[in-house]
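Peer 1: Just passing along the structure, written as structure tokens.
The values are calculated or read from the model by the stated rules, or taken from the named source; none is laboratory data. Treat the numbers as computed from the prediction; the structure is a model and nothing was measured. Because the Cβ atoms are built from the backbone with ideal geometry, glycine has one as well, and the counts that use them run over all protein chains shown. Side chains included, ligands, DNA and RNA excluded: accessible areas come from the protein's heavy atoms. Shrake-Rupley method; radii C 1.70, N 1.55, O 1.52, S 1.80 Å.
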Amino acid sequence: MLRPMREPVVLVTGANGEIGHGLIETLAVEGGARIVALDLVALDSSLASKCHEVVQGSILDRELLHRLVSRYEFRTIHHLAAMLSTRAEFTPGAAHEVNVQGTLNLLELAAVQSEWSDRRVKFLFPSSIAVYGMPSLEVKTSMRRIQEKTWNLPTTMYGCNKAYCEHLGRYYARHYKQLSTQSSSSCGVDFRSIRFPGLISAVTVPSGGTSDFLPEMIHAAAAGKPYACFVRPDTRIPFMAMPDAIRALLLLERADESFLTRRSYNVTSFNPSAEEFRERVMARWPDADITFSVDTKRQAIVDSWPADVNDDGARADWGFRPEYDLDRALNDYLLPGISGRSEPRSVT
Ligand code: AKB
């Protein structure tokens, strides 16, 4: 039977977000990937020219998703769209809709896609350290590097959403329609997820997250603006420079599925306290006006996230090694990148 041909492409949802910026730039430099970018807001013009098509719309719009399936063969889906942890607490119901129903829609799209093409569709999902829930600051500070299977009791809607979507992804990858007589291991959704720490980009400033205090601090200092950090000076969670996050995503995407021992992996790079980071920033901009004004509610969220995570699985299974420790991230990536820009882009 002659099947209508659809173009093979990579779908990136939440394309205008921080990870979307880094991913599209990197894929464009590598060449070869035809990117269909989907976002609620208009894509930055610098990114749009690097995409095969830019679609402005919602991951909750199933008709739109069906139209996309009718035109394209999605071989890989980077599902980056999400409502982050702070914003999600103001509208938990809407966050659930976007973070869970949106992800379910994309997983369904991947499953349908795979049935059409008779091949497994890679589904890359950025999860988060927000899936963890440390019961107290004492326990948090007494624990070393947290492993994937421990302390999975998130306290935020966003963390609950990410944790549940990891389960959904595992279901679609391993157990989808398990009672069907037509099950075939050659197709289905090849779900792979990374529990990202806080991310710092030289190009964009995040908004709506709770790990935003470090990126906000350095971008404010570079812009000569005062910054009141919303967590205590001793606050410590893991972070990573954006190029390492993008490398991790692409390494995991390209890993042989048979080498993967789990569907969700921790990755990490450095974990300075807010004060240690402030000292590094002050060394570069001695006149920077950085103070602390603790928001106790947001502090409680950050205190529920681990001080460090164990990423041995990512290292063993797909060869992940961060290239940027804190000093290198500052000296070779953040300081030159931020200083060289007039105004970083603020993304949601
Ligand atoms: C957030 O703060 O919500 C995110 C995250 C840690 O996943 N940056």
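Peer 1: Could you please find all residues in the stretch 174-192 being under 15 Å from Glu115 (Cβ atoms) and either of a type in the set (Phe, Trp, Tyr) or modelled with pLDDT of 95 or more (or both)?
Peer 2: To start, the set of residues in the stretch 174-192 that are under 15 Å from Glu115 (Cβ atoms) comprises 176-177, 180-190.
Within the stretch 174-192, Tyr176, Val189, Asp190 meet the criteria.
Peer 1: Now a separate question. Just to be sure I understand, how many residues within the stretch 308-341 are in a loop (DSSP other than H, G, I, E, B) and either closer than 20 Å to Arg236 by Cα or open to solvent by 30 Å² or more (accessible area, probe 1.4 Å) (or both)?
Peer 2: Narrowing the stretch 308-341 to residues in a loop (DSSP other than H, G, I, E, B): 308, 310-311, 319-325, 340-341.
With the extra rule that they be either closer than 20 Å to Arg236 by Cα or open to solvent by 30 Å² or more (accessible area, probe 1.4 Å) (or both), the set shrinks to 308, 310-311, 319, 321-325, 340-341.
Counting residues in the stretch 308-341 that are in a loop (DSSP other than H, G, I, E, B) and either closer than 20 Å to Arg236 by Cα or open to solvent by 30 Å² or more (accessible area, probe 1.4 Å) (or both) gives 11.
Peer 1: Going by the structure shown, is Tyr176 aromatic (Phe, Trp, Tyr), surrounded by 14 or more Cβ atoms within 10 Å (Cβ to Cβ) and out of contact with any Leu (no Cβ under 7 Å at 6 or more places or on another chain)?
Peer 2: yes
Peer 1: What number of residues in the stretch 44-59 are open to solvent by 60 Å² or more (accessible area, probe 1.4 Å) and over 25 Å from Met5 (Cβ atoms)?
Peer 2: 3
Peer 1: Something else about it: When both residues are 6+ apart or on different chains and their Cβ atoms are under 8 Å apart, which pairs have a first residue that lies in the stretch 72-88 and is under 15 Å from Trp116 (Cα atoms), and a second that is within 16 Å of the ligand (Cβ to nearest atom)?
Peer 2: Listed by first residue and then by second, the contacts come to Thr76/Leu124.
Peer 1: Can you name the residue in the stretch 68-80 that is open to solvent by less than 20 Å² (accessible area, probe 1.4 Å) and not in a helix (DSSP H, G or I) and, of all such residues, is farthest from the ligand (Cβ to nearest atom)?
Peer 2: Looking only at the stretch 68-80, we keep the residues that are open to solvent by less than 20 Å² (accessible area, probe 1.4 Å), and these are 68-69, 72, 74, 76-79.
Next, from what is left, pick out any that are not in a helix (DSSP H, G or I): 72, 74, 76-79.
Details: Tyr72: 29, Phe74: 24, Thr76: 22, Ile77: 19, His78: 16, His79: 14 Å.
Among those that are open to solvent by less than 20 Å² (accessible area, probe 1.4 Å) and not in a helix (DSSP H, G or I), it is Tyr72.
Peer 1: Return the only residue of Thr150, Thr141 being in a helix (DSSP H, G or I), within 21 Å of Ser304 (Cα to Cα) and more than 16 Å from the ligand (Cβ to nearest atom). Walk me through how you get there before you give the answer.
Peer 2: Working: Thr150 fails: in a helix (DSSP H, G or I).
Going through Thr150, Thr141 in turn, just one is in a helix (DSSP H, G or I), within 21 Å of Ser304 (Cα to Cα) and more than 16 Å from the ligand (Cβ to nearest atom): Thr141.
Peer 1: I would also like to ask the following. Being loosely packed, with under 14 Cβ neighbours inside 10 Å, assigned to a helix (DSSP H, G or I) and either within 16 Å of the ligand (Cβ to nearest atom) or at negative phi (or both) is true for just one of Val41, Val29. Which residue is that? First the steps, then the outcome.
Peer 2: Numbers: Val41 fails: assigned to a helix (DSSP H, G or I).
Matching residue, one of Val41, Val29: Val29.
Peer 1: Return the total of residues in the stretch 81-99 being within 11 Å of the ligand (Cβ to nearest atom) and crowded, with 22+ Cβ neighbours inside 10 Å. Talk me through it step by step, then tell me what you get.
Peer 2: The first filter runs over the stretch 81-99 and keeps only residues within 11 Å of the ligand (Cβ to nearest atom), leaving 82-89, 95, 99.
Subsequent filtering for residues that are crowded, with 22+ Cβ neighbours inside 10 Å retains 82-85, 88, 95, 99.
So the answer is 7.
Peer 1: Looking at (1) more than 22 Å from Val302 (Cα to Cα); (2) assigned to a strand (DSSP E or B); (3) of a type in the set (Val, Ile, Thr), find the lone condition where Ile194 falls short.
Peer 2: The one condition Ile194 does not meet is (1).
Peer 1: Turning to a different aspect of this structure: Go through the residues of the stretch 161-171 one by one and say whether even a single one is of a type in the set (S, T, N, Q), away from the ligand (no atom under 16 Å from the Cβ) and either assigned to a helix (DSSP H, G or I) or buried (at least 22 other Cβ atoms within 10 Å of the Cβ) (or both). Even if it seems obvious, please write down each step before you answer.
Peer 2: Quick first cut of the stretch 161-171, residues of a type in the set (S, T, N, Q) only: 161.
When the remaining residues are screened for being away from the ligand (no atom under 16 Å from the Cβ), the result is none.
Within the stretch 161-171, none of the residues are of a type in the set (S, T, N, Q), away from the ligand (no atom under 16 Å from the Cβ) and either assigned to a helix (DSSP H, G or I) or buried (at least 22 other Cβ atoms within 10 Å of the Cβ) (or both).
Peer 1: Oh, and also: Would you be able to tell me the number of residues in the stretch 221-262 that are open to solvent by 30 Å² or more (accessible area, probe 1.4 Å) and either in a helix (DSSP H, G or I) or in contact with a strand residue (DSSP E or B) (Cβ under 7 Å, 6 or more places away or on another chain) (or both)? Can you show your working first?
Peer 2: Taking the stretch 221-262 and keeping what is open to solvent by 30 Å² or more (accessible area, probe 1.4 Å), we get 222-226, 228, 232-234, 236, 243, 247, 251, 254, 256-259, 261-262.
From what is left, the residues that are either in a helix (DSSP H, G or I) or in contact with a strand residue (DSSP E or B) (Cβ under 7 Å, 6 or more places away or on another chain) (or both) are 222-223, 228, 232-234, 236, 243, 247, 251, 254, 257-259.
Final tally of qualifying residues: 14.
Peer 1: Given the criteria surrounded by 15 or more Cβ atoms within 10 Å (Cβ to Cβ), within 16 Å of the ligand (Cβ to nearest atom) and not β-branched (Val, Ile, Thr), does Leu65 qualify?
Peer 2: Numbers: surrounded by 15 or more Cβ atoms within 10 Å (Cβ to Cβ): yes; within 16 Å of the ligand (Cβ to nearest atom): no; not β-branched (Val, Ile, Thr): yes.
The answer is no for Leu65.
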